[in-house]
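S.K.: Sharing a structure, written as structure tokens. Questions coming.
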Amino acid sequence: HRGAQPMNTGALAERLAIRPHSAVGLIDRLVEKGYVRRQTAAADRRQVLIDLTRAGEAQLRSLTVAHRDEIKRLAPLLRGLLSEFDVDR
């Protein structure tokens, strides 16, 4: 999420296509690991915002690199599989 403000729980749930109570459990685990922090919104104190910590940003960067490497490794296999669906054959 690259918005001007941290994301709230409902928006995170929607983005991940999970139920809000599942997002709360995920956020709880991320807070325990030090990857995110919760904060109360200034405009609406009932709203809880989720913000990445530096440790969370570092972990996200690491996962992004690993996922890109995996996609590069699988690209030839995926191209071969997709060519099976070539309608011009």
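The values are calculated or read from the model by the stated rules, or taken from the named source; none is laboratory data. It should be emphasised that the depicted structure is a prediction, and the values quoted were computed from it without experimental measurement. Here the Cβ positions follow ideal geometry from the backbone for every residue, glycine too, while neighbour counts run over all protein chains shown. In case anyone asks, the SASA skips ligands and DNA or RNA and just uses the protein heavy atoms, side chains included. Shrake-Rupley method; radii C 1.70, N 1.55, O 1.52, S 1.80 Å.
S.K.: Name, by its number, the condition in (1) surrounded by 10 or more Cβ atoms within 10 Å (Cβ to Cβ); (2) assigned to a loop (DSSP other than H, G, I, E, B) that does not hold for Arg61.
M.R.: So Arg61 meets the others, but not (2).
S.K.: Examine region 38-48 for a residue that is part of a helix (DSSP H, G or I), surrounded by 11 or more Cβ atoms within 10 Å (Cβ to Cβ), in contact (Cβ under 8 Å) with a residue 12 or more places away in the chain and of a type outside the set (Asp, Glu), and state whether such a residue exists.
M.R.: Checked against the condition, which is being part of a helix (DSSP H, G or I), surrounded by 11 or more Cβ atoms within 10 Å (Cβ to Cβ), in contact (Cβ under 8 Å) with a residue 12 or more places away in the chain and of a type outside the set (Asp, Glu), region 38-48 yields no hits at all.
S.K.: Moving to a separate point now. So, in region 8-37, how many residues would count as being of a type outside the set (Gly, Ala, Ser), open to solvent by 80 Å² or more (accessible area, probe 1.4 Å) and not in a helix (DSSP H, G or I)?
M.R.: 2
S.K.: If you take the residues in region 52-72 that are among the β-branched types (Val, Ile, Thr) and free of Cβ contacts under 8 Å to residues at least 12 places away in the same chain, which one is nearest to Ile27 (Cα to Cα)?
M.R.: Thr64
S.K.: Can you name the number of the only condition in (1) in contact with a strand residue (DSSP E or B) (Cβ under 9 Å, 6 or more places away or on another chain); (2) at pLDDT 95 or above; (3) of a type outside the set (S, T, N, Q) that Gly34 fails?
M.R.: For Gly34, the exception is condition (1).
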